[in-house]
Structures are given as structure tokens and as C-alpha cells.
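J.: Structure in C-alpha cells, see below.
The values are calculated or read from the model by the stated rules, or taken from the named source; none is laboratory data. None of these values were measured; they are calculated from a predicted model. Here the Cβ is made from the backbone with ideal geometry for all residues, glycine too, and neighbour counts use every protein chain on show. To get the accessible areas, we keep the full protein, side chains included, count just its heavy atoms, and leave off ligands, DNA and RNA. Shrake-Rupley method; radii C 1.70, N 1.55, O 1.52, S 1.80 Å.
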Amino acid sequence: MYTFSIKDHGPNLIVMVTRSLLALGAIISLLYQNNPYYYINIVASAILLMLAVLVKRLLANTGLKASSLLWIGAVILFFGTRSITFSIVLAAVGLLMKKLNEHPTVHINKQGVYIKKMFGNQLHPWGEFNNIILKDDLLTLDFKTNKLMQLTIAE
């Protein structure tokens, strides 16, 4: 019947993790000297560092997702190091970030209140609640067990 999207503070964390992984890829590109043309490593490292610095702007202005940016970083890392292992690890972390970046939601229907989180989904039947209040973008769930859950609703 009703679905609310919970305000998620995860984007700041995603920017920080993406920036860290791209900077780590740049360091790996500098340190891994398997390529006879070391200047390719330096160029790849410089590109990865620029991506790491501009992560927040790229995600906000271009519409790219963090996982896509990590895939691009994985390709650049492969050209810099000629090592598929580093690229696969960076791409795998990108896929993992995509999976973990699901927004939590609350579904209210006839059965009860269904809270969908990143780890674990819970269905609370109507008999578990004293009150449910939605006011000023704040959803308050008052349980009969004296548990109180307050969730900020995204606009």
C-alpha cells in the first residue's frame, strides 16, 4: 500500500571508498614494474589519481555510478600493469559496491510493516506495534516491546 524510501547517508561512504580504491590502484600501477615501458605505468597512475581526486564531481555531474568508475579504473589499471589479477580485484569490488548500494525501504501493507535493509529484511505484523507515526519526514515505529525505531524519509 505505502512505500517509503529511507534517507541513506551511504553516498559519502561510497565516494570515500571509491576514492581510496582508485588511489590504491594508482599506487599499484607505480609499484608494479612488469612492463618494459614504465612510462605507461606512470600515465596510468596519473589518470587513476586524477579519477580519485575528481570522484565526487564525476559521480554528481556525469551520472556515472561508483561501480562504473571502478570498472573504468580496472581497465586503466590493466593497461598500466598488464596484470589481470589487480584488474579483476578492482572490478569485483565494483560489483560488490553495486550490490551493497541498495537503498533501504519500508513497505506498509495489510500484513504489517516490511523493512528492507542491506542485510536482512524484516516483516513486523501489526500486532507488534503500539503506534506508527509519520510526521515531518520522520517515520516513528513504536513497538509493544518498548523498542522505538525512527527512520528519516527521503524526499
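J.: Any residue in the range 23-51 that is at negative phi and assigned to a helix (DSSP H, G or I) sitting within a Cβ distance under 6 Å of a residue that is surrounded by fewer than 20 Cβ atoms within 10 Å (Cβ to Cβ) and modelled with pLDDT of 85 or more? List the pairs, counting only those 6 or more apart or interchain.
T.: If the second residue must be surrounded by fewer than 20 Cβ atoms within 10 Å (Cβ to Cβ) and modelled with pLDDT of 85 or more, the pairs left are A23/A52; A26/L49; I28/F86; A44/F79; S45/L30.
J.: Now a separate question. Would you tally the residues in the range 52-96 being surrounded by 21 or more Cβ atoms within 10 Å (Cβ to Cβ) and either of a type in the set (V, I, T) or free of Cβ contacts under 8 Å to residues at least 12 places away in the same chain (or both)?
T.: Of the residues in that region, 3 qualify.
Rundown of residues vs (1) modelled with pLDDT of 90 or more; (2) within 16 Å of W71 (Cβ to Cβ); (3) touching a strand residue (DSSP E or B) at 6+ places or on another chain (Cβ under 9 Å), yes/no style:
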| site | (1), (2), (3) |
| --- | --- |
| Y2 | no, no, yes |
| A23 | yes, no, no |
| Q33 | no, no, no |
| N41 | no, no, no |
| I47 | yes, yes, no |
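J.: Additional query: Restricting attention to the range 116-153, which residues are among the basic types (K, R) and outside any strand (DSSP E or B)?
T.: Hits for the range 116-153 are K117, K144, K147.
J.: Of the residues that make up the range 86-109, is at least one under 16 Å from the mean Cα position of the chain (by Cα) and assigned to a strand (DSSP E or B)? I'd like the intermediate steps shown before the answer.
T.: Within the range 86-109, the subset under 16 Å from the mean Cα position of the chain (by Cα) is 90-105.
Subsequent filtering for residues that are assigned to a strand (DSSP E or B) retains 105.
Looking through the range 86-109, at least one residue is under 16 Å from the mean Cα position of the chain (by Cα) and assigned to a strand (DSSP E or B).
J.: Shifting gears a bit: Yes or no: N146 open to solvent by 80 Å² or more (accessible area, probe 1.4 Å) and in contact with a Lys or Arg (Cβ under 7 Å, 6 or more places away or on another chain)? Show your work before the answer.
T.: Working: open to solvent by 80 Å² or more (accessible area, probe 1.4 Å): yes; in contact with a Lys or Arg (Cβ under 7 Å, 6 or more places away or on another chain): no.
In short, no.
J.: Could we say that L134 is buried (at least 16 other Cβ atoms within 10 Å of the Cβ) and either within 20 Å of M1 (Cα to Cα) or within 14 Å of the chain's Cα centre (by Cα) (or both) here?
T.: Here the answer is no, as L134 does not meet what is asked.
J.: Would it be correct to say that H107 is of a type outside the set (V, I, T) and either closer than 30 Å to L22 by Cβ or open to solvent by less than 30 Å² (accessible area, probe 1.4 Å) (or both)?
T.: Judged against the criteria, H107 is not a match.
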